[in-house]
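Structure record follows, encoded as structure tokens.
Quick note: the coordinates plus some simple rules give every number you see, no bench work behind them. Since we're looking at a predicted model, the values are computed, not measured. Cβ coordinates were reconstructed from backbone atoms using ideal geometry, including for glycine residues, and neighbour counts include every protein chain displayed.
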Amino acid sequence: LISALFGLPGSNNRKRPKKTNQYNGPPVCAGDVFMFSGCEDHQTSADTSGLAGGTSTGAMTYCFVQAIEHGSVSDWRQYTYGSLLQAMRQKLREKRFSQKPQLSSSRPLLSSTPFMI
């Protein structure tokens, strides 16, 4: 029994299917996922307490909230995913952060797609 568990000589060495990293099954999720990340892969997302009145928060998160609450559009529902991303990037530049937020999605996405929560 021990030799069979560890593949030792004398065990029943049945061929096992080769493992792959490719998933060929049905879709895992029927919903759409859109995600803003704080920075590019080679960057680090900054945390700061200087932007939110002493409360520690992520710099991109702070800029996201500022864009929604005080952005260049009169109603946040007027944002597209692309224009909201640009508003967050602009705010980070104004605050002298070098990180560049990114937008990812589970399917192809036009930057002109209306932003939804």
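For segment 85-95, 3J(HN,Hα) computed residue by residue from phi via the Karplus equation (6.51, -1.76, 1.60; θ = phi - 60°) reads 4, 5, 5, 5, 4, 4, 4, 5, 4, 4, 8 Hz, glycine and proline entered as x. Distant-in-sequence amide contacts of Asp47, defined by a placed amide H-H separation under 5 Å and a gap of 5 or more residues or a different chain, comprise Ala59. Computed extension length for Thr80-Met35: 14.8 nm, one decimal, from 0.36 nm per residue of separation with the Cα-Cα distance subtracted.
Here's how it looks for Glu40: its modeled amide H is under 5 Å from those of Lys100, which are all 5 or more places away or on a different chain. Scoring 98-105, 61-68 by mean Cβ neighbours within 10 Å over their residues and listing the highest first yields 61-68, 98-105.
How much net charge surrounds Pro114 when only the other residues with a Cβ under 15 Å from the Cβ of Pro114 are counted, with Lys and Arg +1 and Asp and Glu -1? Neighbour charge sum, excluding Pro114 itself: -1.
Each residue of segment 64-72 was assigned a 3J(HN,Hα) from its phi angle through the Karplus expression (A = 6.51, B = -1.76, C = 1.60, θ = phi - 60°), giving 4, 4, 4, 5, 5, 7, 9, x, 7 Hz with x at Gly and Pro. Annotation: amide H of Gly71 has no partner in the under-5 Å range at sequence separation 5 or more or interchain, hydrogens built in the peptide plane.
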